[in-house]
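A short write-up of the structure that comes next.
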Amino acid sequence: MRSLVVLFAAATLIVGCGGGRFGNSGASKADHVLHATIPTNLTKLDPAQVEDGDTIEVLNQIFEGLVQYNEHNELQPNLAESWTVSEDGLTFTFKIKKGVKFHSGREMTAEDVKYSWDRAATKEVLSPTVEGYMMDIVGFAEAWAGTADGLSGVKVIDPYTLEVKILHPKGYFPMYLQYPCYFVVDREKVAKTPITSVENMIGTGPFRITEYKENQQVVLERFEDYHGGAPKLEKIVRLIAKDPQTRRSLYESGRADWVALERQDKAFVDQNEELKQALQVVDRAAIWYLGFGLKAYEQFKDARVRKAFAMAVDKDRIINEGFDGINVRADGIIPPSVPGFDPDFKGLPYDPAAAKALLAEAGFPNGQGLKPIKFYFRADRADPKIVAEMVAQDLDKNLGVKVELAPTEWKALLEMRSKGELGFFHLRWGADYLDPQNFLSFMLHTNARENTLGYSNPVFDAICEKADKLPLEKKDERFNLYREAQKIAVVDDAIWIPIYFQRDLELVRPGVEGIRRSAMGPLPHTETDVVWSR
């Protein structure tokens, strides 16, 4: 907190004494250093352990996988040059790109890829994501249980060829490989234990990390030997600023070139023509939703209670009054930028009378008899607080249900979610890859690692399993099945209450060029440059 106060004071001082455009000194020489804010400390330093979007965005500059999305949302080779699939869909053969260097200076080979994946599948690394992303690989269960040394389904054929066998045909399997638990680390420098220091964060990415000070900043420097060519930026400085007003002040003072805004900043921006010109609105393949933990709160096991909650929440009021109509109302789970999105999907309606009747039918008239409910949400962001407060108002007004607001520190919230300790909560799920499977079977199948809710519906599972095994070419059949599964999850079972699809507001200084994005967020800054000097 002291560091944050000092940072805010410094930003305010620069606002008062800076010259030119928001503190721009007017110097003509570009410094090629990007200053961008981040709203939280890094939750993890290890790509095998990370699971939150803010940290992943930083680690994407340091580590890489065999494949990568481009700005057209196309999956492309990255550390792999190409890959082929066997006729039965069970064997993938990847040709590894030659001449790729680690930040340590050593060339990467297929041995490093296998080591990195074996490492992530080792229980001692404490990855919360590999059970979801690697369970399809032959031998994962044995590696995770500690009865086998590594993934038997992953074999090094030669230094530049890797063979991967999976249990069942899944055409989207290569999409997994751009997720952080598949990132490649230097096997000679990184042990099969969690990475806990900057010195051990050795990847192949366009930037290497040189400094991380909690509550202050993360510094990344250009990797001159990057296999895609040296980036234009010399350095990236991520200023850790948990307070929205501090982040905005850093931009106004000229200390930050790129800032993500909260919704309450929009009115301020609208009153300033120069800020309005710098404002960018970015759609993301992400949904903000309300979730029910059946393990943590027994009475949510009754679908009538969940449906009553869903029909008592006025999404339009939240979006229009709480967010100035910026975000897009979500009736289903699959975002518009994800293939398979159904624009005609109808979720549960806002119907307070029907909601009240359902709750009474479940045995809790006017909320009587319900155990106290804590409503968890992220404490370091203003937007979740807006939603939480308005949802609490709706539940009180329409159902007579009072919930206790429980703002929770981000890292602690993630840990509670992973352990299934959240009863009622507001969270975001952003696409890890652009396929409806990532939002349905990956999140809500009975056996899915990400399903920490205790939700189980055999019909939902069977539909998802059928869709999962279909080849990508049969997209109409796949998408229809996923839409059917979406209806079960949202309408029949109401295990999630979709609120809105994410739309980010960002201030980007005109002197920042070449930012590339996919629907999932910013891509590695290989083309980004800063052509002004502070």
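Read the figures in this text as sums done on the coordinates, not as results from a lab. Values in this document were obtained by computation on a predicted structure and should not be read as measured data. Note: ideal-geometry Cβ built from the backbone for every residue, glycine included; neighbour counts use all protein chains shown.
At-a-glance table
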{"read-out": "P(r), alpha carbons of segment 287-416 - 10 Å bins starting at zero, rounded %", "value": "12, 39, 37, 11, 0"}
{"read-out": "For the chain, calculated [θ]222 nm from helices alone, where every DSSP H run of n ≥ 4 adds -39500 (n - 2.57)", "value": "-7500 deg cm²/dmol"}
{"read-out": "Efficiency of FRET between I326 and E274 - r from beta-carbon atoms, R0 25 angstrom, step 0.05", "value": "0.80"}
{"read-out": "Packing-based ranking, highest mean first, of 219-227, 244-252, 97-105 given that Cβ atoms within 10 Å are counted", "value": "244-252, 219-227, 97-105"}
{"read-out": "Projected area averaged over orientations for segment 285-503, convex hull of C-alpha atoms, nm²", "value": "11.0 nm²"}
{"read-out": "Shape metrics for segment 417-534, restricted to C-alpha atoms - Rg then Dmax, Å", "value": "18.7, 59"}
{"read-out": "More than 44 Å apart - percent of Cα-Cα pairs taken over the chain", "value": "17 percent"}
{"read-out": "Most to least packed among 487-494, 376-383 [average Cβ atoms within 10 Å]", "value": "376-383, 487-494"}
{"read-out": "Nitroxide proxy distance, nm - points 7 Å out along Cα→Cβ at D351 and D158", "value": "6.5 nm"}
{"read-out": "Segment 472-534 and segment 334-404: distance between their alpha carbon centers, rounded to Å", "value": "24 Å"}
{"read-out": "Förster radius 56 Å - calculated FRET efficiency between V531 and A191 (Cβ-Cβ, nearest 0.05)", "value": "0.85"}
{"read-out": "Taking segment 285-503 and dividing mean pair separation by its residue count, relative contact order in percent (alpha carbons under 8 Å, at least six apart)", "value": "35 percent"}
{"read-out": "Distance between modelled label sites at A230 and K101, nm, 7 Å Cα→Cβ extension", "value": "1.0 nm"}
{"read-out": "Computed FRET value (nearest 0.05) for A267 with Q393, which takes r as the C-beta separation and R₀ as 22 Å", "value": "0.55"}
{"read-out": "For segment 66-95 and segment 197-216, distance of Cα centres in Å", "value": "27 Å"}
{"read-out": "Full-extension gain in nm, E477 to A148, via 0.36 nm per residue minus C-alpha separation", "value": "114.7 nm"}
